Amino acid sequence: MGRVVVITGPSGVGKGTLIRQLRDRIPEIELSVSATTRKPRPGETQGVDYWFLSPEEFEKRIADGGFVEHAEYAGNRYGTLRSDLETRTAGGRPVLLEIEVQGARQVRQAMPEALTVFIAPPSEEALHTRLVGRGTDSPEQIDRRLQTAREELAAQGEFERVVTNDRLEDAIEQLVEIVRSATTA
Ligand SMILES: Nc1nc2c(ncn2[C@@H]2O[C@H](COP(=O)(O)OP(=O)(O)O)[C@@H](O)[C@H]2O)c(=O)[nH]1
Ligand SMILES: Nc1ncnc2c1ncn2[C@@H]1O[C@H](COP(=O)(O)OP(=O)(O)O)[C@@H](O)[C@H]1O
């Protein structure tokens, strides 16, 4: 069974950016594809970035026990599909989950063998600048994400490893080292 590695941390901290580069460095990594009720952003593809579900479809999956964990985040729902995760871990390669803090807590409970890594920003100000600079979220969405980020930052001590994403290159080196040592016997 492939080891599960959870990457968590506030929206805009650079999780997506880090994971893209991590996959270039460690190509055998598998990425779990989550389900969400959020609308696709331009360029996002069904089944690649997310499984985009209606609120009714999402609810039905919860009732059927189809999620390993799920959470509400900034007005939308997100969840790790049990079927998706089981298929990927069965392949034997390390499987990465990129999820928010409530979900990461649930994975720790359900799968204590999973490695949990929290990505922290150098400051709240930097987080704001990154969310604005990314240009994918409305000012209202950015405010909601920053409010949530304060609570998430307070929870970083719950996770096994914390990587501060200040200089991207440094953060990637740390993450490569953490994932390599956690996934090679
Ligand atoms: N609990 C949980 N959170 C998820 C899942 N998939 C994505 N997320 C998190 O939901 C939050 C919002 O994701 P998204 O709308 O794609 O925005 P972005 O991460 O800011 O680009 C992020 O913190 C993601 O890590 C999931 O399956 N479960
Ligand atoms: N170390 C960094 N320094 C400056 N900007 C960064 C850094 N890491 C990521 N970014 C930028 O911050 C924005 C948010 O990054 P993203 O990977 O989308 O975050 P997340 O997936 O955590 O929401 C993007 O525009 C990205 O290019």
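The values are calculated or read from the model by the stated rules, or taken from the named source; none is laboratory data. Since this is a predicted model, take the numbers as computed values, not measurements. No Cβ is skipped: glycine too gets one built from the backbone with ideal geometry, and neighbour counts run over all protein chains shown.
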Notebook entry, point to check: So which residues in the range 36-75 are closer than 28 Å to Ile172 by Cβ and in a strand (DSSP E or B), if there are any at all?
Noted result: Thr36, Tyr50, Trp51, Val68, Glu69, Ala71, Tyr73
Check: Looking at the range 118-139, which of the residues that are of a type in the set (Val, Ile, Thr) and within 12 Å of ligand 1 (Cβ to nearest atom) is nearest to Gly43 (Cα to Cα)?
Finding: Thr136
Next item on the list: Give the residues of the range 159-185 that are in a helix (DSSP H, G or I) and either surrounded by 14 or more Cβ atoms within 10 Å (Cβ to Cβ) or among the basic types (Lys, Arg) (or both), sorted by residue number.
Entry: Ala171, Ile172, Gln174, Leu175, Val176, Ile178, Val179, Arg180, Ala182, Thr183
Next item on the list: Check the range 51-64 and report whether any residue there is modelled with pLDDT of 95 or more and of a type in the set (S, T, N, Q).
Entry: yes
Check: Before we move on, is Val132 more than 14 Å from ligand 2 (Cβ to nearest atom) and assigned to a helix (DSSP H, G or I)?
Finding: no
Check: How many residues, within the range 68-93, are in contact with a helix residue (DSSP H, G or I) (Cβ under 6 Å, 6 or more places away or on another chain) and modelled with pLDDT of 95 or more?
Finding: 4
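Every residue, every condition in (1) more than 14 Å from Ala35 (Cα to Cα); (2) within 11 Å of ligand 1 (Cβ to nearest atom); (3) of a type in the set (Lys, Arg), yes or no:
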position	(1), (2), (3)
Val48	no, no, no
Glu56	no, no, no
Ala63	yes, no, no
Gly66	no, no, no
His70	no, yes, no
Asn76	no, yes, no
Leu81	no, yes, no
Glu86	yes, no, no
Gly91	yes, no, no
Notebook entry, point to check: Taking the range 25-48, which residues are charged (D, E, K, R), under 27 Å from Arg167 (Cα atoms), within 14 Å of ligand 2 (Cβ to nearest atom) and modelled with pLDDT of 95 or more?
Noted result: Glu44
Notebook entry, point to check: Hey, does the range 99-116 have a residue that's within 15 Å of ligand 2 (Cβ to nearest atom), out of contact with any Phe, Trp or Tyr (no Cβ under 6 Å at 6 or more places or on another chain), assigned to a strand (DSSP E or B) and in contact (Cβ under 8 Å) with a residue 12 or more places away in the chain?
Noted result: no
Notebook entry, point to check: What is the residue count in the range 93-117 for residues that are near ligand 1 (Cβ under 10 Å from one of its atoms) and either farther than 12 Å from Thr8 by Cβ or not aliphatic (A, V, I, L, M) (or both)?
Noted result: 6
